[in-house]
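S.K.: One structure coming up, written as structure tokens, with questions to follow.
Nothing in this text is a laboratory measurement; each read-out follows from the coordinates by a stated rule. Since this is a predicted model, take the numbers as computed values, not measurements. Using ideal geometry, Cβ is built from the backbone for each residue, glycine included, and neighbour counts are taken over all protein chains shown.
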Amino acid sequence: MSEIFIKNVQKVFKTPGGDVVALKDINLTVKQGEFVCLLGPSGCGKSTLLNALAGFQPPSAGEIVIEGKKILEPGPDRGMVFQEYALFPWMTVEKNIAFGLEIQKKSKAEIDLTVNQLLELLHLKDFRERFPKDLSGGMRQRVAIARVLALDSPIMLMDEPFGALDALTRRNLQDELLRVWEKLGKTIIFVTHSIEESIYLADRIVVMTYRPGTVKRDQYVAMPRPRDPSSAAFNDLKRELGRLVMEEQQRHADDEMKLAAVD
Amino acid sequence: MLQRFKDFAQGALVPVALLILWEAGSRLGLFSEVLLPSPTAVAIKWWAYLMPGQPQEAGQSYLAWLVSGELLHDAYSSLYRVIAGFLIGAGLALPMGLLMGAKQRIYDLFNPLMQILRPIPPIAYIPLAILWFGLGNPPSFFLIAIGAFFPVLMNTIAGVRQVDGIYIRAARNLGVGQWTMFTRVILPAATPYILAGVRIGIGTAFIVVIVSEMIAVNDGLGFRILEAREFMWSDKIIAGMITIGLLGLAIDTAVSRLNNHLLRWHRGLEH
């Protein structure tokens, strides 16, 4: 079972101005198939936590255990979708999606089958021969999602994947993501600073504090999907979470003012 | 179509005007025929230089006879030297550049030596090249390889260093190992820089080939124009220079086309 155990995770960055505690005493257990949003202002360590889960930057203390194994390095069992898409510009859409499978030395027939299924699933069939530079931001992010799905990893890590998209494209991709998630039953850890996005998507929202990053609120969202952002329940939760996030945002702003004053 | 013709006509305007002035000047006797022959004299010489010098021999195919002219032989010799020398130089520079770009330790070890050698013009290697390799093609290859080496090396190092870390992270996330990272991520990501270096390197190689032919061999375009000077054949010198120009343009166009094809995925294409 691909449950994720995050135990007493701590991350300290050494900087010329002294140590920065980015994460402190993080304890979370994520069930298989759960859609979890990490929510907070910039500097709250949500991306740091995601990078630790991805294995790019292991924690300074504590551990992350998935399927009984401690996470120390990146791997295709935890596919990551980046805000900057990170598609390989020299590969066509098709090649980008196939790349992870080629690495795993899958047979040509198997690769073709998977790639075709994913092109179908994400409505990319007409774009298979295109290079990323000829795609819109929304299309690129579809390809990035398909590339990760091709790995068939049980866990998807998403670092503000829709942050650079316009509002309409964003909603469209949120719906696509929910559709794919419901169909394939992946565990998703999704970083965002958008309160509305987190309520629209998640089973569970983990609100994080500004430095040191800790868990401020572990909020389950019981509303049935598709969720209506104009409903009363949605807006009650939005108000409540907005209050929590703004407290942290204020601390972030104060901190910046203090730093500016020192300079 | 009409627009293309207009562009062509506009581009031809200044060269054609210059030719007319030059021809008129020659006919009016403003220039010495020996020092600056007229464009028509140059054209006639160029044609004679291009066409076969001997009548077709028995048993010789027509095509073989047609390409037996001096000019084609010289152009082929020069081109052969450029390509062979370039392949040696770039063939050494590419792996070296990839290693120096990717591994800081190797960079730290080799960079001082490269910085000392780089400013030495390839032409300054001529005496050593002759001492080491004697006459014939080898010193030529050596000089051209040096001319091509540094532009390719420097651009490859820069190309590898500017590879966006996000591609590395994405590839590691997909489970890419070190070797694949090199061949399928770092190398392609660095190609825009590497190919710019290739274009500069082949330009340098072409300069060096002409010079090297003036010292060490007895065919090729560089040799031919120096030989023509000894007979005071200015028309042949100019005909040879024009051929050098055309060959250079052809090489650069070919490399540029190849670059555009290889970089069709890249954003800022130059045409």
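S.K.: What number of residues within the stretch B:228-263 satisfy the criterion of being part of a loop (DSSP other than H, G, I, E, B) and surrounded by fewer than 17 Cβ atoms within 10 Å (Cβ to Cβ)?
M.R.: 2
S.K.: Tally up the residues in the stretch A:44-88 that are within 14 Å of chain B (Cβ to nearest Cβ), among the aliphatic types (A, V, I, L, M) and within 23 Å of A:Phe162 (Cβ to Cβ), please.
M.R.: 8
S.K.: Now, a different point. Condition check: surrounded by fewer than 16 Cβ atoms within 10 Å (Cβ to Cβ) and under 20 Å from the mean Cα position of the chain (by Cα). Does A:Asp175 satisfy that?
M.R.: yes
S.K.: Right, A:Arg243: outside any loop (DSSP other than H, G, I, E, B), touching a Leu at 6+ places or on another chain (Cβ under 8 Å) and within 27 Å of A:Leu178 (Cα to Cα) or not?
M.R.: It is false that A:Arg243 is outside any loop (DSSP other than H, G, I, E, B), touching a Leu at 6+ places or on another chain (Cβ under 8 Å) and within 27 Å of A:Leu178 (Cα to Cα).
S.K.: A further question follows. For the subset of the stretch A:54-75 comprising residues that are touching a residue at least 60 places away in the same chain (Cβ under 8 Å) and either crowded, with 20+ Cβ neighbours inside 10 Å or in a helix (DSSP H, G or I) (or both), which member is nearest to the chain's Cα centre (by Cα)?
M.R.: Looking at residues that are touching a residue at least 60 places away in the same chain (Cβ under 8 Å) and either crowded, with 20+ Cβ neighbours inside 10 Å or in a helix (DSSP H, G or I) (or both), I get A:Ala54.
S.K.: Restricting to the stretch B:1-46, give me the number of residues that are touching a helix residue (DSSP H, G or I) at 6+ places or on another chain (Cβ under 7 Å) and not in a helix (DSSP H, G or I).
M.R.: The qualifying residues number 6.
S.K.: While we're looking at this one, here's another question. Across the stretch A:89-119, which residue is surrounded by the fewest Cβ atoms within 10 Å (Cβ to Cβ) among those that are within 10 Å of chain B (Cβ to nearest Cβ) and among the β-branched types (Val, Ile, Thr)?
M.R.: A:Ile103
S.K.: For the stretch A:141-158, which positions are buried (at least 20 other Cβ atoms within 10 Å of the Cβ) and of a type in the set (D, E, K, R)?
M.R.: If the condition is that a residue be buried (at least 20 other Cβ atoms within 10 Å of the Cβ) and of a type in the set (D, E, K, R), then A:Arg142, A:Arg147 are the ones that fit.
S.K.: While we're looking at this one, here's another question. Can B:Ile83 be described as out of contact with any Lys or Arg (no Cβ under 7 Å at 6 or more places or on another chain), of a type in the set (A, V, I, L, M, F, W, C) and not in a helix (DSSP H, G or I)?
M.R.: no
S.K.: Next up: Could you tell me how many of the residues in the stretch A:9-51 are over 21 Å from A:Thr192 (Cβ atoms) and either touching a Leu at 6+ places or on another chain (Cβ under 7 Å) or surrounded by 24 or more Cβ atoms within 10 Å (Cβ to Cβ) (or both)?
M.R.: 1
S.K.: Select from the stretch B:148-170 the residues that are more than 8 Å from chain A (Cβ to nearest Cβ), crowded, with 23+ Cβ neighbours inside 10 Å and of a type outside the set (Ser, Thr, Tyr) and list them in ascending order.
M.R.: Across the stretch B:148-170, the qualifying residues are B:Ala148, B:Phe149, B:Pro151, B:Val152, B:Leu153, B:Asn155, B:Ile157, B:Gly159, B:Val160.
S.K.: Here is a follow-up. Testing B:Phe182 on (1) within 14 Å of another protein chain (Cβ to nearest Cβ); (2) among the aromatic types (Phe, Trp, Tyr); (3) surrounded by 22 or more Cβ atoms within 10 Å (Cβ to Cβ), one condition comes back false. Which one is that?
M.R.: Among (1) within 14 Å of another protein chain (Cβ to nearest Cβ); (2) among the aromatic types (Phe, Trp, Tyr); (3) surrounded by 22 or more Cβ atoms within 10 Å (Cβ to Cβ), B:Phe182 violates only (3).
S.K.: Then there is this: Output the residues belonging to the stretch A:196-216 that are hydrophobic (A, V, I, L, M, F, W, C) and either surrounded by fewer than 22 Cβ atoms within 10 Å (Cβ to Cβ) or in contact with a Phe, Trp or Tyr (Cβ under 9 Å, 6 or more places away or on another chain) (or both).
M.R.: If the condition is that a residue be hydrophobic (A, V, I, L, M, F, W, C) and either surrounded by fewer than 22 Cβ atoms within 10 Å (Cβ to Cβ) or in contact with a Phe, Trp or Tyr (Cβ under 9 Å, 6 or more places away or on another chain) (or both), then A:Ile199, A:Leu201, A:Ala202, A:Ile205, A:Val215 are the ones that fit.
S.K.: Give all pairs with beta carbons closer than 8 Å in which a residue from the stretch A:173-190 that is closer than 13 Å to A:Asp203 by Cα meets a residue that is of a type in the set (Gly, Ala, Ser) and in a helix (DSSP H, G or I); count only pairs at least 6 apart in sequence or on separate chains.
M.R.: Pairs that qualify, where the first residue is closer than 13 Å to A:Asp203 by Cα and the partner is of a type in the set (Gly, Ala, Ser) and in a helix (DSSP H, G or I), are A:Phe190/A:Ser198.
S.K.: All but one of (1) out of contact with any Leu (no Cβ under 7 Å at 6 or more places or on another chain); (2) not in a strand (DSSP E or B) hold for A:Ile188, so report the exception by its number.
M.R.: Every listed condition holds for A:Ile188 apart from (2).
S.K.: Can you find a residue that is in contact with a Phe, Trp or Tyr (Cβ under 7 Å, 6 or more places away or on another chain), more than 14 Å from chain B (Cβ to nearest Cβ) and over 25 Å from A:Asn51 (Cβ atoms) anywhere in the stretch A:130-153?
M.R.: Scanning the stretch A:130-153, I find at least one residue that is in contact with a Phe, Trp or Tyr (Cβ under 7 Å, 6 or more places away or on another chain), more than 14 Å from chain B (Cβ to nearest Cβ) and over 25 Å from A:Asn51 (Cβ atoms), so the answer is yes.
S.K.: A follow-up question, please. Given the condition among the polar types (S, T, N, Q) and surrounded by fewer than 18 Cβ atoms within 10 Å (Cβ to Cβ), answer yes or no: does some residue in the stretch A:76-84 qualify?
M.R.: Scanning the stretch A:76-84 turns up no residue that is among the polar types (S, T, N, Q) and surrounded by fewer than 18 Cβ atoms within 10 Å (Cβ to Cβ).
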